[in-house]
Amino acid sequence: AARARGVNVNATKVALFMLSGLEVVNLTAEVDEIETQTEIATAAVGPGGLITHLQNERTFAAVEAVNSDDSLGVRIPVRGYDETRARTDESLAMVQDEVARRGPAVQAAYAPAVEGLEALDQLRADIDANTQLPEYNSEANGAFQNQLYQRYTQMIRPFFDSTDKIVRAVDDDELREGVVQV
């Protein structure tokens, strides 16, 4: 009887050990899923600085194209092509690094937005060329102003679309709500 009890105790220990092992595996999977969801959620917040800097660059260039003084009443938080472009470029480098670090799902979501920024150098070159024209800083430059504003907007909008994709990919309700509120 003592021997049977020893077998039962050993069998119970083995069963408890196996159950503990399964729980650890399940908890590890849950932790991995939470980490993945958190990565996805934080990726949605990432390009906000870049969007702001692109908008500031766009606003300065658009206002400057038709009027170099403050008579339009447009608040421009950053002035000067060098300053606006430097801030955009710095943010772009940070976003590219962040997207690359986040993995394939985030890279795929932001690929169209990042690819759309390939047109930024040409847009800047067009702006620089426009600064040499006689209509620069005058209302006669309104058509160019509208065009450059639209071109910047075409580069900015895909970041909002990509962020929307990321937000929809977050399964955890609390994380998704936190991303939407940011």
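The values are calculated or read from the model by the stated rules, or taken from the named source; none is laboratory data. Since we're looking at a predicted model, the values are computed, not measured. Heads up, the Cβs are rebuilt from the backbone with ideal geometry, glycines too, and the neighbour counts pull from every protein chain shown. Areas reflect the complete protein model, heavy atoms only, side chains present, ligands, DNA and RNA absent. Shrake-Rupley method; radii C 1.70, N 1.55, O 1.52, S 1.80 Å.
Residues with beta-carbon under 13 Å from that of Ala86, excluding Ala86: net charge, scoring Lys, Arg +1 and Asp, Glu -1?
Numbers: positive: Arg79, Arg85, Arg87, Arg124; negative: Glu57, Asp82, Glu83, Asp89, Glu90.
After counting each charged neighbour, the total is -1.
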Once Rh is set to the Kirkwood radius over Cα pairs, what Stokes-Einstein translational diffusion coefficient, in µm²/s, holds for segment 52-117 at a temperature of 10 °C and a viscosity of 1.306 mPa s? 119 µm²/s
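Using the heavy atoms of the protein chains and a 1.4 angstrom probe, tell me the accessible area per residue for segment 54-152 in square angstrom. Intermediate values should be presented prior to the final figure.
Working: 5390 Å² over 99 residues.
With all protein chains present, segment 54-152 gives 54 Å² per residue.
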Taking the dipole about the Cα centre of segment 41-162, with the C-beta of Lys and Arg at +1 and of Asp and Glu at -1, give me whichever of Ala108, Tyr81, Val63 is farthest to the positive side. Ala108
